[in-house]
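The values are calculated or read from the model by the stated rules, or taken from the named source; none is laboratory data. Since the structure is predicted, the reported quantities are computational estimates derived from the model, not experimental observations. Here the Cβ positions follow ideal geometry from the backbone for every residue, glycine too, while neighbour counts run over all protein chains shown. The area values use the complete protein model at the heavy-atom level, side chains included, leaving out ligands, DNA and RNA. Shrake-Rupley method; radii C 1.70, N 1.55, O 1.52, S 1.80 Å.
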Amino acid sequence: CQNLLLQGLASIPNVTVYSTPNKSGIVAFNVGKMDSNFVADHLAERHNIIVRGGLQCAPLMHQYLGTTSQGVVRASVSCVTTKRECYALLNAITNLVKIA
């Protein structure tokens with residue numbers, strides 16, 4: 001499911017993906033210039049999708065990425081994450097980009 005999210009998010013205009021395929025299941029991204037906490041709250045409140053926004057205790061990485069003021073949105077997938085759940089996140093981000 002991680003590759004599905006990585007490829008799907010990369011194909012959505014105005015979405016920046018920071019992760020590469022990895023064994024952690026973490027997918028970090030941003031939607032335009034939107035604050036990552038706003039994106040996380042929006043996904044939780046309107047789509048019942050739980051992700052984390054912010055600096056995730058990695059300020060030096062955010063300095064390197066240039067995301068210190070915005071943070072990143074972090075989704076985590078595992079062996080129990082379904083394709084349906086991944087597509088739900090992709091659809092919610094696609095719709096969010098339209099209001100960005």
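Per-structure values
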{"quantity": "Estimated distance in nm for a label pair at residue 65 and residue 10, the labels positioned 7 Å out from Cα along Cα-to-Cβ", "calculated": "1.6"}
{"quantity": "Added length on full extension, which subtracts the Cα-Cα distance from 0.36 nm per residue, residue 57 to residue 37", "calculated": "5.8 nm"}
{"quantity": "Eligible lysines near residue 23 by straight Cα distance, threshold 30 Å, same-chain separation 8 or greater", "calculated": "33, 83"}
{"quantity": "Heavy-atom surface of the chain, accessible at 1.4 Å and reported per residue (Å²)", "calculated": "61"}
{"quantity": "Separation in nanometres of the label points that stand 7 Å from Cα toward Cβ, at residue 94 and residue 78", "calculated": "2.8"}
{"quantity": "Whole-percent carbon and sulfur share, accessible surface of the chain, 1.4 Å", "calculated": "54"}
{"quantity": "Derived scalar couplings ³J(HN,Hα) [the stretch 42-56; Karplus, 6.51 cos²θ - 1.76 cosθ + 1.60; whole Hz; x for Gly, Pro]", "calculated": "4, 4, 5, 6, 9, 10, 6, 10, 9, 9, 10, x, x, 9, 6"}
{"quantity": "Computed over the chain, the ratio Rg/Rh where both radii use C-alpha atoms and Rh is Kirkwood", "calculated": "0.93"}
{"quantity": "Mean ellipticity per residue at 222 nm, deg cm²/dmol - from DSSP H runs of n ≥ 4 across the chain, formula -39500 (n - 2.57)", "calculated": "-13500 deg cm²/dmol"}
{"quantity": "Table column - 3J(HN,Hα) (Hz), the stretch 10-22, Karplus curve with 6.51, -1.76, 1.60, x for Gly and Pro", "calculated": "5, 8, 8, x, 6, 10, 10, 9, 9, 8, 10, x, 8"}
{"quantity": "For the chain: relative contact order, % (alpha-carbon pairs under 8 angstrom, 6 or more apart)", "calculated": "33"}
